[in-house]
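Working notes, structure below.
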Amino acid sequence: MKDERVISYLDDNTVDMYTSFDLFDEASHHDSKLIDKQYLVKRNYLRSKMQKHNFKACQIELVALYT
């Protein structure tokens, strides 16, 4: 990550978005500044497809972490 931390890769046959499911870290946020552009592109693609089908982005995890 850009802040020098290392997140272990979980090889579970899913698309690599840099963080694993339920990491509960700032790096997991869809617009995280801590990860490389290649992962942001994948996340934004997934987000746009989900929003097209009425899914809503969740801010709760970030609020819980930083309050």
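The values are calculated or read from the model by the stated rules, or taken from the named source; none is laboratory data. None of the values given here were measured: they were computed from a predicted structure. Every residue, glycine among them, receives a Cβ derived from its backbone with ideal geometry; neighbour counts consider all protein chains shown.
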* Considering only the stretch 9-31, state which residues are without any contact (Cβ under 8 Å) to a residue 12 or more places away in the chain and of a type in the set (Ser, Thr, Tyr). => Tyr9, Thr14
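Condition first: of a type in the set (A, V, I, L, M, F, W, C), assigned to a loop (DSSP other than H, G, I, E, B) and over 21 Å from Phe55 (Cβ atoms). Can you find one or more residues in the stretch 8-20 that meet it? If you could, list the steps in order and put the result at the bottom.
If we filter the stretch 8-20 for residues that are of a type in the set (A, V, I, L, M, F, W, C), which is where we start, we get 10, 15, 17.
Those still in the list that are assigned to a loop (DSSP other than H, G, I, E, B) too: 10, 15, 17.
Restricting the remaining residues to those that are over 21 Å from Phe55 (Cβ atoms) gives 10.
Taking every residue of the stretch 8-20 in turn, at least one turns out to be of a type in the set (A, V, I, L, M, F, W, C), assigned to a loop (DSSP other than H, G, I, E, B) and over 21 Å from Phe55 (Cβ atoms).
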* Output the residues belonging to the stretch 30-53 that are of a type in the set (Ser, Thr, Tyr) and part of a helix (DSSP H, G or I). => Tyr39, Tyr45, Ser48
* Close pairs (8 angstrom Cβ cut-off, 6 or more residues apart or separate chains): within 16 Å of Met1 (Cβ to Cβ) and charged (D, E, K, R) in the stretch 37-50, at pLDDT below 90 and part of a helix (DSSP H, G or I) anywhere -> none
